[in-house]
Amino acid sequence: MDVLICSYSLLQQEIELLTAKEAKPWQMIVLDEAQAIKNATTKRFQAAIALKGHFKLALTGTPIENSLEEIWSLFRFITPGLLGSFDSFRKRFLSSSETGKDTRQALKSVVKTFILRCTKSTVLQELPPRTEQT
């Protein structure tokens, strides 16, 4: 099997080649630093979701901080349709009650089985001791 590793910039530039009609679907697509596609209005996001593959994985060390819309973008790549269209997602989870506990809980119940979350304390034993140089 072949492995292709490319940057997000190269993905964006060569998307026609990577998604050519005669090309076979990828067996696996892994997006590292997947927060790079969190904005659904970018060409980078459009290129990522254009990739066809049997298995998709998004890895990110960056928590969803700025907006719940970032969750929609990541899940649109991983499992298209799970959270519906962007408009239906906004109506369901980002309405005027966006800060409401029920809305957050409903979204969490939909996505929780797809998320493996590690905190610093759970991996702290595996990290080397901190080194500081002045």
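The values are calculated or read from the model by the stated rules, or taken from the named source; none is laboratory data. As the structure is a prediction and not an experimental result, all values here were calculated from the model. Cβ: placed from backbone, ideal geometry, glycine included. Neighbour counts: every protein chain shown. The protein model used for the area step is the full one, side chains on, heavy atoms only, and it has no ligands, DNA or RNA in it. Shrake-Rupley method; radii C 1.70, N 1.55, O 1.52, S 1.80 Å.
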**Request:** Could you give me the residue pairs with C-beta distances under 7 Å whose first residue belongs to segment 41-54 and is within 17 Å of Thr79 (Cα to Cα) and open to solvent by less than 70 Å² (accessible area, probe 1.4 Å), whose second residue is part of a loop (DSSP other than H, G, I, E, B) and not polar (S, T, N, Q) wherever it lies, and which are 6+ apart or on separate chains?
**Result:** Gly53/Pro25
**Prompt:** Name the pairs whose Cβ atoms lie under 6 Å apart, with the first residue in segment 1-21 and over 16 Å from Thr42 (Cα atoms), the second part of a helix (DSSP H, G or I) and open to solvent by less than 50 Å² (accessible area, probe 1.4 Å), and 6 or more positions between them or separate chains?
**Reply:** Thr19/Ala50
**Request:** Output the residues belonging to segment 15-31 that are surrounded by 13 or more Cβ atoms within 10 Å (Cβ to Cβ) and in a loop (DSSP other than H, G, I, E, B).
**Result:** Thr19
**Message:** Return the residues of segment 109-134 that are at pLDDT below 80 and in a loop (DSSP other than H, G, I, E, B); say none if nothing qualifies.
**Reply:** Arg117, Cys118, Thr119, Leu127, Pro128, Pro129, Arg130
**Item:** Number of positions in segment 80-96 that are modelled with pLDDT of 80 or more and either open to solvent by 70 Å² or more (accessible area, probe 1.4 Å) or aromatic (Phe, Trp, Tyr) (or both)
**Value:** 8
**Prompt:** Could we say that Thr99 is outside any helix (DSSP H, G or I), surrounded by 11 or more Cβ atoms within 10 Å (Cβ to Cβ) and either aromatic (Phe, Trp, Tyr) or at pLDDT below 80 (or both) here?
**Reply:** no
**Message:** Cβ-Cβ distance below 9 Å, separation of 6 or more or different chains: which pairs start in segment 76-88 with a residue that is in contact (Cβ under 8 Å) with a residue 24 or more places away in the chain and closer than 18 Å to Phe55 by Cα and end on one that is open to solvent by less than 60 Å² (accessible area, probe 1.4 Å) and among the charged types (D, E, K, R)?
**Reply:** Phe77/Lys56; Ile78/Lys56; Thr79/Lys56
